[in-house]
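Visitor: Questions regarding the structure given below will be posed in turn.
The values are calculated or read from the model by the stated rules, or taken from the named source; none is laboratory data. This is a predicted model, so every value here is computed, not measured. Methodologically, a virtual Cβ is constructed for each residue, glycine included, from the backbone with ideal geometry; neighbour enumeration extends over all protein chains shown.
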Amino acid sequence: MTDKLHLAPADPFPTDLSAIPDETLQVLDSRVQRQLDREIVREGEPDPETEFRHYELDDEFITRES
C-alpha cells in the first residue's frame, strides 16, 4: 500500500476542518481511519495524534449533519 492512503501523525493536518469541502473531508477521514487501523494492528494501540484527528473529523461530520 502507498503512504498516500494513510495520514501519519507527523503529516500536516488542517486546523480548520469547516473550511474543507465535503468530498475532501471524506478522503481525509479515510486516510486517518486507515492510519488508525494500521497503528492498532502494528502497535496494539493508536497514536494519540491519530486518535485526536479521528475524533476531530467525527465532530466535524456531526456538525455538518446537524
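Visitor: How about the range 8-37: which of its residues are buried (at least 17 other Cβ atoms within 10 Å of the Cβ) and either more than 24 Å from GLU65 (Cα to Cα) or more than 12 Å from the chain's Cα centre (by Cα) (or both)?
Guide: Answer for the range 8-37, where residues must be buried (at least 17 other Cβ atoms within 10 Å of the Cβ) and either more than 24 Å from GLU65 (Cα to Cα) or more than 12 Å from the chain's Cα centre (by Cα) (or both): just GLN35.
Visitor: Mind counting the residues in the range 31-66 that are over 17 Å from ALA10 (Cα atoms), among the polar types (S, T, N, Q) and part of a helix (DSSP H, G or I)?
Guide: Qualifying residue count for the region: 1.
Visitor: Residue by residue through the range 38-66, note down the ones that are farther than 20 Å from LYS4 by Cα, polar (S, T, N, Q) and at pLDDT 95 or above.
Guide: THR63 - this is the single residue of the range 38-66 that is farther than 20 Å from LYS4 by Cα, polar (S, T, N, Q) and at pLDDT 95 or above.
Visitor: Against the definition (hydroxyl-bearing (Ser, Thr, Tyr), on the phi < 0 side of the Ramachandran plot and at pLDDT 95 or above), how does THR2 come out, yes or no?
Guide: Values: hydroxyl-bearing (Ser, Thr, Tyr): yes; on the phi < 0 side of the Ramachandran plot: yes; at pLDDT 95 or above: no.
Taking the combined requirement at face value, the residue does not satisfy it.
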